[in-house]
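Since the structure comes first, as structure tokens, the remarks are kept for the end.
Taken together, the values in this text are just the output of simple stated rules run on the coordinates, not laboratory data. All values derive from a computational prediction rather than experimental measurement. Positions of Cβ are generated from backbone atoms using ideal geometry, with glycine treated the same way; all protein chains shown enter the neighbour counts.
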Amino acid sequence: MHFQTITKLLRLPNVIVIGVIENGDDNLHLIVEFTDKYEPPVCSGCGAVHTSVHSKGQLRVEDLPISGRRVFLYLEKRKCRCPEGGIYVEFLPWLHGRFTKRFAEQINRLTAITTNSEAGWFFGLDDEVVYRIDRAILQEKADDLLAPTPAPRAMSVDEVAWKKGHSYVTNVVDIDRRVVIWNHDKHGKTVLDAFFKSLTEKERAEIEVVACDGAKGFLSSSRHYAENALIVLDHFHVKSYLSAALEDVRKQELAKAKKDATQDELAGLLHCKQRFILLRNKPSRKKTQVLKRLEELNEPVYKAMLLKEQFATIYDFREKKAAQPALRAWISEALRSGLAPFKELALKLFRKRHYVLNFFVQRITSAISEGINNKIKRLKRMAYGYRDVAYFLLKVHQHCGLLNPRRFN
Ligand SMILES: [Zn+2]
């Protein structure tokens with residue numbers, strides 16, 4: 001066998017193949033040696049070169065498959081006694097635990113588009129191994145790319161439930177770059193404070209826009225730290241408030257209709273399967289039909305839908321001056337609607353009207369927040385429950401931020 005050829009095929013720095021183990025299985029088992037094995041080892045503890053070798057150990061590492069066959073490398077790794085205390089294995093830049101770095105990175109690339117268990121199936125590894133590799137690679141990249149925090153000019157902050165039982169995380173998005181740049185466990189003022197504190201004073205002063213849902217904590221943190229920024233309760237968040245209010249009305253009316261035997265048809269129309277038709281923004285034939293029937297059968301839901309759609313027309317105005325009376329008109333109509341969820345929303349939007357109207361000064365596209373929101377939803381579905389929040393935060397960066405492997409090549 002031409003070991004030289006296999007060595008060339010492997011293309012690992014300073015690695016030569018000196019033997020092949022025939023195992024009877026379909027995998028390639030290669031014994032390798034280092035061309036620089038007489039050079040003193042680099043300590044993985046302190047990064048310095050130490051002349052004394054403490055001991056040697058055998059190690060089997062997996063590399064990328066060749067021609068569909070899994071590849072295992074058998075090598076001798078040295079340990080050195082570190083003058084700073086402790087015994088460390090030597091540092092090899094192309095290794096990542098029991099895998100070659102390039103193999104670990106390939107796994108990480110695959111987990112950016114599919115679940116860990118599917119990635120594991122693809123490579124013949126169990127989920128736990130994939131999880132450990134993925135997490136470690138993401139953490140390495142995070143240390144490299146996310147610290148210090150990349151400062152935004154325009155930012156949007158959002159909280160999202162990451163598992164059942166009101167466990168929230170906060171994500172900060174750079175609107176210009178369309179990526180998540182920072183995230184953290186929990187939500188509220190102290191969390192957003194931590195984001196601003198991760199920036200320099202100059203960077204904070206240079207923030208021009210902060211978009212948020214208008215929650216008290218976010219507002220007070222933004223006012224305090226981003227003094228020069230225009231704070232906007234943007235279209236994306238208003239839209240989700242409107243959808244939530246409509247959803248509340250639908251549920252109330254559905255509950256009523258279910259109790260009333262004569263309201264079978266209405267119950268059917270208000271059933272959650274139809275909900276998507278109601279929430280859809282674009283008009284369709286189906287939606288028009290459902291709407292028409294709803295108008296005949298149930299005034300409250302119909303009214304709620306009209307209110308939601310009316311609000312959307314406010315965004316057709318280009319200028320704050322024109323939007324202001326339209327907003328005022330909407331608020332008074334919602335207050336008079338007799339629909340509790342919309343009354344409540346009208347009061348909220350009245351209190352926060354300045355922030356709502358700031359949107360007409362800085363029109364931030366809601367497409368970015370929507371896109372990221374959808375990606376996070378998909379991510380949550382894909383994972384079937386994340387066990388630790390730190391991993392979830394890293395995955396958000398991988399799917400919606402600077403840790404996406406597509407950015408690297
Ligand atoms: Zn050392």
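For this structure, a couple of remarks:
- Shown here for segment 281-388: GluC sites (Glu not before Pro) in loop regions (DSSP other than H, G, I, E, B) with at most 11 other Cβ atoms within 10 Å, namely Glu319.
- Checked against a 20 Å cut-off, the cross-linked pairs Lys216/Lys348; Lys141/Lys189; Lys375/Lys395 give Cα-Cα distances beyond that limit for Lys141/Lys189.
- For the cross-link pairs Lys239/Lys320; Lys197/Lys239; Lys37/Lys101, the ones whose C-alpha atoms lie over 24 Å apart are Lys197/Lys239.
- Each residue of segment 298-307 was assigned a 3J(HN,Hα) from its phi angle through the Karplus expression (A = 6.51, B = -1.76, C = 1.60, θ = phi - 60°), giving 9, 5, x, 5, 4, 4, 4, 5, 5, 4 Hz with x at Gly and Pro.
- Distance between modelled label sites at Arg328 and Glu247, nm, 7 Å Cα→Cβ extension: 3.3
- Check: segment 3-93 dipole with +1 on Lys, Arg Cβ and -1 on Asp, Glu Cβ, in debye: 120
- Stretching Phe3 away from Phe317 to a fully extended chain increases their span by 105.8 nm, per 0.36 nm per residue minus the current alpha-carbon distance.
- Top positive-direction residue, dipole computed over the chain with Cβ charges, set Thr288, Cys82, Leu95: Thr288
- Contact order normalised by residue count of the chain, Cα under 8 Å, 6+ apart, percent: 12
- For a label point 7 Å along the Cα-to-beta-carbon line of Gln58, residues of segment 7-38 with backbone N under 17 Å: 18-25, 28-34
- For segment 193-237, the residues whose backbone nitrogen is under 12 Å from a point 7 Å from the Cα of Val361, taken along Cα to Cβ, are 208-210, 228-233.
- For the chain, size of Cβ-based charge dipole, Lys and Arg +1, Asp and Glu -1, in debye: 1380
- Here the translational diffusion coefficient of the chain follows from Stokes-Einstein with Rh set to the Kirkwood radius across Cα pairs; for 4 °C and 1.567 mPa s it amounts to 51 µm²/s.
- Extension gain, Glu22 to Lys202: 0.36 nm times the residue separation minus the Cα-Cα distance gives 58.5 nm.
- Proxy reagent accessibility, fewest Cβ within 10 Å first, across Leu230, Leu270: Leu230, Leu270
- Approximate spin-label separation Leu347-Thr51, in nm, with each point projected 7 Å along Cα-to-Cβ: 8.0
- Taking a Cβ cut-off of under 11 Å around Lys56, the surrounding Lys, Arg, Asp and Glu residues balance to a net charge of +2, with basic ones at +1 and acidic ones at -1.
- Listed by Cβ neighbour count within 10 Å, with the fewest neighbours leading, Val172, Val49, Val61 appear as Val49, Val61, Val172.
- Centroid-to-centroid, using Cα positions, segment 198-212 and segment 11-66 are 48 Å apart.
- Violating pairs (Cα-Cα greater than 21 angstrom) within the set Lys287/Lys308; Lys163/Lys251; Lys286/Lys308: Lys163/Lys251
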